[in-house]
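Some notes on the structure that comes next.
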Amino acid sequence: MKYLFLAVIFLFNLSSSIAQNNPYGASDAQDQPTLKAILPFPIGVAVGIRHFRNNPVYRNLVKEQFNSITAENVMKFKALHPSEHTFTFKSADEIVAFAQENNMRVHGHTLIWSKVNPPWVKEFKGDKTAWKNLLKNHIQTIVKHFKGKVRSWDVVNEAYNDGGKLKESIWLEKIGPEYIELAFRYAHEADPDALLFYNDYGHEYLGKRIYAIINMAKDFKKRGVPIHGLGMQMHIPLRLEDTKIRRSIEMAASTGLLVHLSEVEISVKHQMPKVFRMDDQLARQQADKYKALFKAYSSIPKSQQFGITTWNLGDADSFRNSKGPNHDHPMMFDRQYRPKPAFKAVIEAWKSNKGQ
Ligand code: XIL
């Protein structure tokens, strides 16, 4: 009797873990399309190292649904280069190995940023040449380490402010505005086959930032600075108009460069009263917004579609949830990694409209 009881418990746990792994539930698992099977462009996810290491449900969903991967944090400056003469690749290498085992593309994020610089960089003393050497050594050691394994890099992240001017940054202060193009040149020297992106947020507000980025991209192309793509983070609120999304993606595509929607999530909580409840209507609106975003993206030339990457996986994993008492619900999967209406809307849109 005791064994029968244990067997029942075991089977129950097994089936619920299968159900959690499979976004359709255990019953209709067979023949259901996945994001990576149905979308005509690469679909990526940023992974947080803790769940990636410890949660098999998370890992399985990542490999089942996605064919591109970004490290949410472990390829940032502080993680890879914590002291002047130390590089720590262990966590990033784990993600790369997982990607290779599962035929996933790796997108590297991010070589240079005004944020996440370790204390040793802030304390570094040297003239402009010494700073350029620091920049070069940092970029080239990392890019060479991952050569042939990391397909593409966010070379510089978030360099422009809302006013379209260069943001305050240690790189700007010590090297000057040319730090951006130097970063691209150094990265290209280290791996001429890697695709190099400039990544930023807020294009979709059609303010001065997007114009500054486009001017920079055109100037780089004209002068032969090796840039291959623009990353548009797309941390967007539910209320953002579809027309703005579409226009910003078209503007980025007008440069002729690859376009990557690189950090997508759609915040429901943003602009809501302090206390709000997620409900079916909001979930449907969010599904429509995901669909509109994916459709807008798929209307740019196919040769420029580098892919869409969501910024982590389930609602509980989103960095949008790190602050405040009320949970946001920004992702396509819920806190138990079950598919939300947003996931289903994207699948349905391509099921009925293959190849678009
Ligand atoms: C965020 C991560 O999601 C958080 O876990 C971390 O604490 C801070 O950074 N723009 C970027 C990303 O380019 O690197 C940021 O990621 C989110 C905003």
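The values are calculated or read from the model by the stated rules, or taken from the named source; none is laboratory data. If you're wondering where the values come from, they're calculated on a predicted model, not measured in any experiment. Note that we place each Cβ from the backbone using ideal geometry, even for glycine, and neighbour counts take in every protein chain shown. Heads up: the accessible areas ignore ligands, DNA and RNA and are worked out on the full protein's heavy atoms, side chains in. Shrake-Rupley method; radii C 1.70, N 1.55, O 1.52, S 1.80 Å.
Details
- Residue-by-residue Karplus 3J(HN,Hα) for region 253-263, coefficients 6.51, -1.76, 1.60, Hz, glycine and proline x: 5, 5, 6, x, 7, 5, 10, 10, 7, 9, 8
- Computed [θ] at 222 nm, deg cm²/dmol, the chain (DSSP H ≥ 4; -39,500 (n - 2.57); rounded to nearest 500): -13000 deg cm²/dmol
- Region 99-131-region 205-227 distance, computed between alpha-carbon centres (Å): 22 Å
- Zone of K218's modelled label, taken as backbone nitrogen in region 253-270 under 14 Å from a point 7 Å along Cα→Cβ: 253-257
- Entries of K128/K165; K115/K174; K78/K115; K244/K291; K63/K147 with Cα pairs more than 18 Å apart: K128/K165; K63/K147
- Helix 179-190 axis, angle to the chain major axis (alpha carbon atoms, nearest 10°): 70 degrees
- Using alpha-carbon coordinates, inclination of helix 56-65 to the longest axis of the chain, degrees: 80 degrees
- Kirkwood radius, the chain, all distinct C-alpha pairs, inverse of mean reciprocal distance: 21.4 Å.
- Percent RCO, i.e. relative contact order, over the chain, from Cα pairs under 8 Å lying at least 6 residues apart: 17 percent
- One chain, two ends: E173 and R277. Fully extended at 0.36 nm per residue, the span grows by 33.0 nm beyond their Cα-Cα distance.
- What the chain shows is 46 Å² of accessible area per residue, with the surface traced by a 1.4 Å probe over protein heavy atoms.
- Listed residue pairs exceeding 21 Å between alpha carbons, taken from K90/K125; K36/K295; K144/K302: K90/K125; K144/K302
- Reducing region 50-82 and region 254-312 to their Cα centroids gives an inter-centroid distance of 20 Å.
- Under the Karplus curve 6.51 cos²θ - 1.76 cosθ + 1.60, θ = phi - 60°, whole-Hz ³J(HN,Hα) for region 82-89, x wherever Gly or Pro sits: x, 9, 3, 10, 10, 10, 10, 9
- Just the protein heavy atoms count here, and of the accessible area of region 211-348 at 1.4 Å, carbon and sulfur take up 51 percent.
- Top of E173, E101, E123 by mean-square fluctuation, Gaussian network on the chain, Cα under 10 Å: E123
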